[in-house]
There are 2 protein chains.
Amino acid sequence: MSLIVQKYGGTSVGDIDRIQAVAERVIATRNAGHSVVVVLSAIGGETDRLLSLAYDIDPKAAGRELDVLLSTGEQVTIALLSMALEAKGSLAQSFTGAQITIHTDNSHNKARIMKIDAERVNAALEAGRIPVIAGFQGIDEDGNITTLGRGGTDTTAVAMAAALKADECHIYTDVDGVYTADPRIVEKARRIERIAYEEMLEMASLGSKVLQIRSVEFASKYNISLRVLSSFVEGPGTLITAEDESMEEVLIAGIAHNRDEAKLTIRGVPDTPGMASKILGPIAEANIEVDMIIQNIGDDDSTSFTFTVHRNDYDKAKSILELTSKDLNAGGVEGDDNIAKISVVGVGMRSHAGIASQMFAALAEEGINIQMISTSEIKISVVVDDKYLELGVRALHSAFGLDQGDN
Amino acid sequence: MSLIVQKYGGTSVGDIDRIQAVAERVIATRNAGHSVVVVLSAIGGETDRLLSLAYDIDPKAAGRELDVLLSTGEQVTIALLSMALEAKGSLAQSFTGAQITIHTDNSHNKARIMKIDAERVNAALEAGRIPVIAGFQGIDEDGNITTLGRGGTDTTAVAMAAALKADECHIYTDVDGVYTADPRIVEKARRIERIAYEEMLEMASLGSKVLQIRSVEFASKYNISLRVLSSFVEGPGTLITAEDESMEEVLIAGIAHNRDEAKLTIRGVPDTPGMASKILGPIAEANIEVDMIIQNIGDDDSTSFTFTVHRNDYDKAKSILELTSKDLNAGGVEGDDNIAKISVVGVGMRSHAGIASQMFAALAEEGINIQMISTSEIKISVVVDDKYLELGVRALHSAFGLDQGDN
């Protein structure tokens, strides 16, 4: 008998019929001999409905009262699922973040979990009850309600699994696992059976939006095995776990992509120490996040400096950079928001040379020009013209032997 | 400067515009030099929406989880009003029942308030913040969320006023006060300036559904002055307060009526001790509440016994009574659900004889036959044929000099 934390997202509890189906799945897991703790999101669309009420009152709504409002979404679903479980003859008990208690810091709207008291949940389990826990919320040390930000329910589930020393944490969603590439782009994409935490972090941050990055970091830190499963289709899903030897044999776990970035270049920058911080300082002050950064040695004594930002920040970043260019007496600013980032990810590449050249060759063969390159221990990313995104992802998926039927 | 608790019901916070209007009224009260504590209901219709979700899951939904669900309704409004107040430049702070803390017993769906900790609300007031409190909810000693039942927000407001030693408790609703009779029946009905707690209790329980009975009992117990006001129209409303000498001069405060009852008679009951409990015992066991009870001495050694129940319970009560009639060898059962109850209410009648005969004469003059009579220290009720309800109420309103323009 093992202890399993099951997390169901907004589409999985999207209406009354789906909530009934979740209740049946929870009961089936219990009947298979496991202990189950459930963590729930709000009904799909409910958080957006509450947000629009808030913005009707105050277009800048944020902070403490927004959390009081948004936390009601999960409180509704835990009550409804508990009723459904009890109507089907199982004992259940719902818990808000305050009731557990899930202690967070006081950063409203994006709080971080500090500590979880597992006593009440353990007591409910011992009394034969199924604990049904509101995700996404907690309280700070003054008893104020906090929320963890979008996708925070994944983090609640993983943190609960850690606090309860659960055997596995199952994340039920509307896809049946993590894929080697986006199936909408690569028809032959395969479900990954097993993936290492680090790989999943790279895949998630690069655009495979199955899991919140923070929940994977949490799982990695406490060594919780995470499994991504579909609420609607039976199947083993994808196990996200600590790296083991067998994983090193798989060179590339998958191909990730990202279409949300734009690149900016400042040319003719004097090649003197401290230049990078003079360029990026004003960008950071405007709360714009920078992803890839590349500095090329140019002719004479000047250099050019290129970086990428989120497309939404492109215009703002460009204006700031134009001011900087004048201040530094640089050669001007260029930008392009028609770019895409493609990455190959895999813990296996650490021990194998030649992945980069294999990647560049596959892209060259399709006539795709590489604009930027950035590498880490377990991934290589390139920036290409937006129009080559699908072609590039498919070419790499084939080149690294990931296509269905290849093995 | 006085401390005022303001309670706004579901129609007063029915949409975003009305919530903004409530915020303006609260700020205006502050600007007039008062301290304000706000107690809120859920947005009108929200509690019913949540109930229908629950009944879709389980038609018998009740207990702990229903309270977790329903309590979200008020949590939404306190957050929205606090945002509205802050957007208009006032400091506010919302409180759920658990945050205050409002301690209740553990009778889910109809809990009673045991104790209120006023510290956090007082601290908010001292910090210059407007406390915005969720009505209708509390927690039991194990930290479970409880609700007070329909209309419980009035009770929360009065209990908060008592705990804070407030000067007045203002109940904002969709009517501008308590009337001498239902204005839909009596065109010349007048708003009552001042009414004693006891009179209000009789008026409310007899059908003038402006305030929850429990909140009036609470106000009476702690001597809190209650004022019923309209959210939509300016005006002094009706003050509900302890009886004083000036009130005794007013013989009759108002005419109440009730169309929700039905009467049942069992005839030919042996006139021996213990008969009443043999007749009403099975009715009480079926959880049917009995209102008026009359026993007439009949011919020979038998008697007839008549009582009224809610119309919804009429069929059930009749079947039970027919069984009892057979058991007791009585003379059979008669019933009538086409009845109405009309009552005259007033603390002044205690010291004045003749009210009853004046009442009966006024009804006789209109040819209205009286079927049952029941009296208390401050009210006289009669049961008449349903079709005479409007005529009877109007006749009594005139007879006791309550018509507008009479004074």
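Given the criteria of a type in the set (Ser, Thr, Tyr) and modelled with pLDDT under 90, does A:Ser225 qualify?
Spelling it out, it is not the case that A:Ser225 is of a type in the set (Ser, Thr, Tyr) and modelled with pLDDT under 90.
Answer with yes or no whether B:Ala361 is at pLDDT 95 or above and out of contact with any strand residue (DSSP E or B) (no Cβ under 9 Å at 6 or more places or on another chain). In short, no.
Take the conditions (1) more than 8 Å from chain B (Cβ to nearest Cβ); (2) out of contact with any Asp or Glu (no Cβ under 9 Å at 6 or more places or on another chain); (3) of a type outside the set (Ser, Thr, Tyr); A:Leu69 misses just one of them, which is (1).
Count, please, the residues in segment A:119-137 that happen to be of a type outside the set (Phe, Trp, Tyr) and closer than 13 Å to A:Thr156 by Cβ. Adding up the residues that qualify gives 7.
In segment A:338-365, the residues that are part of a strand (DSSP E or B) reach residues that are modelled with pLDDT of 90 or more and among the hydroxyl-bearing types (Ser, Thr, Tyr) with C-beta atoms within less than 8 angstrom, at least six apart or across chains, in these pairs: A:Ile339/A:Thr308; A:Ala340/A:Tyr388; A:Lys341/A:Thr308; A:Lys341/A:Ser381; A:Ile342/A:Ser381; A:Ser343/A:Ser381.
Considering only residues that are farther than 24 Å from B:Glu245 by Cα, touching a Gly at 6+ places or on another chain (Cβ under 6 Å) and surrounded by fewer than 21 Cβ atoms within 10 Å (Cβ to Cβ), which ones fall in segment B:158-211? The one that is farther than 24 Å from B:Glu245 by Cα, touching a Gly at 6+ places or on another chain (Cβ under 6 Å) and surrounded by fewer than 21 Cβ atoms within 10 Å (Cβ to Cβ): B:Asp176.
Contact map, segment B:227-238: first residue on the phi > 0 side of the Ramachandran plot, second residue among the basic types (Lys, Arg), Cβ cut-off under 6 Å, separation 6 or more or different chains; pairs are B:Gly237/B:Arg227.
I need the full set of residues from segment A:170-196 which are over 16 Å from the mean Cα position of the chain (by Cα), of a type in the set (A, V, I, L, M, F, W, C) and under 22 Å from A:Gly235 (Cα atoms), in order please. Passing the criteria: A:Val186, A:Ala189, A:Ile192. Here B:Lys341 meets the list (1) surrounded by 16 or more Cβ atoms within 10 Å (Cβ to Cβ); (2) in contact with a helix residue (DSSP H, G or I) (Cβ under 7 Å, 6 or more places away or on another chain) almost entirely, failing just condition (2). Only one of the listed residues (A:Glu365, A:Glu322, A:Glu285, A:Glu334) is acidic (Asp, Glu) and within 30 Å of A:Glu199 (Cβ to Cβ). That residue is A:Glu365.
Just one of (1) closer than 30 Å to A:Gln371 by Cα; (2) in contact with a strand residue (DSSP E or B) (Cβ under 7 Å, 6 or more places away or on another chain); (3) not β-branched (Val, Ile, Thr) fails for A:Pro273. It is (2).
Taken over segment A:155-192, the residue count meeting the criterion of being closer than 18 Å to A:Gly135 by Cα, modelled with pLDDT under 90 and of a type in the set (Val, Ile, Thr) is 1. With respect to the conditions (1) among the hydroxyl-bearing types (Ser, Thr, Tyr); (2) in a loop (DSSP other than H, G, I, E, B); (3) in contact with an Asp or Glu (Cβ under 7 Å, 6 or more places away or on another chain), A:Ser82 falls short on a single one, namely (2).
So if I check each of A:Ala157, A:Ala166, which one is under 15 Å from the mean Cα position of the chain (by Cα), under 21 Å from A:Arg30 (Cβ atoms), outside any strand (DSSP E or B) and touching a residue at least 40 places away in the same chain (Cβ under 8 Å)? None of the others qualify; the one that does is A:Ala157. Scan segment A:126-170 for residues that are of a type in the set (S, T, N, Q) and away from chain B (no Cβ under 14 Å) and the total you get is 3.
Filtered by the rule that a residue be within 17 Å of B:Arg259 (Cα to Cα) and either of a type in the set (S, T, N, Q) or loosely packed, with under 14 Cβ neighbours inside 10 Å (or both), segment B:285-316 gives B:Glu289, B:Thr308, B:Asn312, B:Asp315.
Scanning segment B:226-236 for residues that are among the small types (Gly, Ala, Ser) and either within 17 Å of the chain's Cα centre (by Cα) or part of a strand (DSSP E or B) (or both) returns a single hit, B:Ser230.
Report, by residue number, each residue of segment A:29-50 that is in a helix (DSSP H, G or I) and under 20 Å from A:Val121 (Cα atoms). Spell out how you get there, then give the answer.
Of all residues in segment A:29-50, those in a helix (DSSP H, G or I) come to A:29-31, A:46-50.
The answer is A:Thr29, A:Arg30, A:Asn31.
Summed over segment B:272-284, the residues that are exposed (fewer than 13 other Cβ atoms within 10 Å of the Cβ) and touching an Asp or Glu at 6+ places or on another chain (Cβ under 9 Å) give a count of 1. Here A:Ala54 clears all of (1) at the interface with another protein chain (Cβ under 8 Å from one of its Cβ atoms); (2) loosely packed, with under 15 Cβ neighbours inside 10 Å except the condition numbered (2). Could you look through segment A:103-132, keep only residues that are under 20 Å from B:Val68 (Cα atoms), of a type in the set (Val, Ile, Thr) and touching a Ser or Thr at 6+ places or on another chain (Cβ under 7 Å), and pick out the one that is surrounded by the most Cβ atoms within 10 Å (Cβ to Cβ)? Per the criteria, the residue is A:Val132. Restricting attention to segment B:75-124, the residues being within 12 Å of chain A (Cβ to nearest Cβ), under 22 Å from A:Val76 (Cα atoms) and polar (S, T, N, Q) number 7. Scanning segment B:385-406 for residues that are within 16 Å of B:Asp182 (Cβ to Cβ) and outside any loop (DSSP other than H, G, I, E, B) gives B:Asp386, B:Tyr388, B:Leu389, B:Glu390, B:Leu391, B:Gly392, B:Val393, B:Arg394, B:Ala395, B:Leu396, B:His397, B:Ser398.
Yes or no: A:Ile195 over 29 Å from A:Thr96 (Cα atoms), more than 14 Å from chain B (Cβ to nearest Cβ) and modelled with pLDDT under 95? The answer is yes for A:Ile195.
Does segment A:28-51 hold any residues that are closer than 27 Å to B:Val132 by Cα and either at the interface with another protein chain (Cβ under 8 Å from one of its Cβ atoms) or in contact with a Ser or Thr (Cβ under 7 Å, 6 or more places away or on another chain) (or both), and which are they? Result: A:Ser41, A:Ala42, A:Ile43, A:Leu50.
The values are calculated or read from the model by the stated rules, or taken from the named source; none is laboratory data. The structure displayed is predicted, hence computed values, not measured ones. Neighbour counts run over all protein chains shown; Cβ positions are idealised from the backbone, glycine included.
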